[in-house]
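Visitor: To start, I am sharing the structure in question, which I have written as structure tokens.
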Amino acid sequence: MLTPEQLDDAGEKVTAIYRQIEAELLDYLVEHMADGEISTQRARTALNLLSQSMPLEVKQIIDSHADEIEDAVKEEVSSLMAKSDAFDLARIGAALGIGTALTMQTAAVTASVKRMLARDNIAMSDAARSKFLQWSTWAATEIATGNMTADKALHVAVRNLEREGLSIPFVTYKDPETGKVTVTNRVDVAVQRHIRSLISQGTAELTLNLLRENGVEFVDLVQRAHLRVYLRM
């Protein structure tokens, strides 16, 4: 098992890399937004064409950090799984050490995290394209209607793009009336939330396996720091 503090920190090394990716993506989008010609009648068509050509470059930015992400995932999952295992073994009082069960469980959690991040990487690409199109189109509309000058509209669009960052949408539950409710999270928040969940599930399964292997039938979890176990006689 892990302490609440340990779970709170889970995924921090990985999310730090994603914050860097987000910053690079925003720099890329801002550069294209600032350099783009969006004051003509063909602005919307041009913006759509430009946004459709972006996925390759955006994916390359994300992929350039793949090795860093892989190393951080392995390090965090292995470290936290080992801490959970050591805690449980100390409370159970069994002289087992870290063996095959932990190795297999760590590998399973690591694989789950990697699959999750692969999905989020696609969502990041979509979010980058969506944000660019949202604020570029807004600026084009403001210019076309005469509400703002080109310089002013671009300034506001760039500022809002950088301030909002990139968000990944998640469907959390279905509302009986509307049919669907979506929640958006900043990239780093979404990634860390996923990692915490997967590590928490992995360590819980590891704990249950250790309890079964050592004949533990009852566990007192009222006070986390003073876990008491009751062995089968």
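Visitor: Within the range 35-92, considering only helices (runs of 4 or more DSSP H) that don't extend past its boundaries, which have at least 1 residues that are modelled with pLDDT under 70?
Guide: Helices (runs of 4 or more DSSP H) meeting the threshold: 43-52, 66-92.
Visitor: Would you call residue 158 surrounded by fewer than 21 Cβ atoms within 10 Å (Cβ to Cβ), part of a helix (DSSP H, G or I), among the β-branched types (Val, Ile, Thr) and touching a residue at least 12 places away in the same chain (Cβ under 8 Å)? Walk me through it before giving the result.
Guide: Working: surrounded by fewer than 21 Cβ atoms within 10 Å (Cβ to Cβ): yes; part of a helix (DSSP H, G or I): yes; among the β-branched types (Val, Ile, Thr): yes; touching a residue at least 12 places away in the same chain (Cβ under 8 Å): yes.
So residue 158 fits the description; yes.
Visitor: Shifting gears a bit: Would you check if residue 182 is over 26 Å from residue 22 (Cβ atoms) and modelled with pLDDT under 80?
Guide: Values: over 26 Å from residue 22 (Cβ atoms): no; modelled with pLDDT under 80: yes.
Judged against the criteria, residue 182 is not a match.
Visitor: Right, here's the next one. Is it true that some residue in the range 193-201 is modelled with pLDDT of 85 or more, in contact with a helix residue (DSSP H, G or I) (Cβ under 8 Å, 6 or more places away or on another chain), among the hydrophobic types (A, V, I, L, M, F, W, C) and outside any helix (DSSP H, G or I)?
Guide: Scanning the range 193-201, I find no residue that is modelled with pLDDT of 85 or more, in contact with a helix residue (DSSP H, G or I) (Cβ under 8 Å, 6 or more places away or on another chain), among the hydrophobic types (A, V, I, L, M, F, W, C) and outside any helix (DSSP H, G or I), so the answer is no.
Visitor: Turning to a different aspect of this structure: Please work out if residue 107 is open to solvent by 30 Å² or more (accessible area, probe 1.4 Å) and either of a type in the set (A, V, I, L, M) or touching a Leu at 6+ places or on another chain (Cβ under 8 Å) (or both).
Guide: Working: open to solvent by 30 Å² or more (accessible area, probe 1.4 Å): yes; either of a type in the set (A, V, I, L, M) or touching a Leu at 6+ places or on another chain (Cβ under 8 Å) (or both): yes.
Against the criterion (open to solvent by 30 Å² or more (accessible area, probe 1.4 Å) and either of a type in the set (A, V, I, L, M) or touching a Leu at 6+ places or on another chain (Cβ under 8 Å) (or both)), residue 107 qualifies.
Visitor: Quickly run through the range 134-148 and pick out the residues that are under 20 Å from residue 162 (Cα atoms) and not β-branched (Val, Ile, Thr).
Guide: 134, 135, 136, 138, 139, 140, 142, 148
The values are calculated or read from the model by the stated rules, or taken from the named source; none is laboratory data. In this text the structure is predicted, and so the values were computed from the model without any measurement. We place every Cβ from the backbone using ideal geometry, glycine too, and count neighbours over all the protein chains shown. With ligands, DNA and RNA removed, areas are computed over all heavy atoms of the protein, side chains included. Shrake-Rupley method; radii C 1.70, N 1.55, O 1.52, S 1.80 Å.
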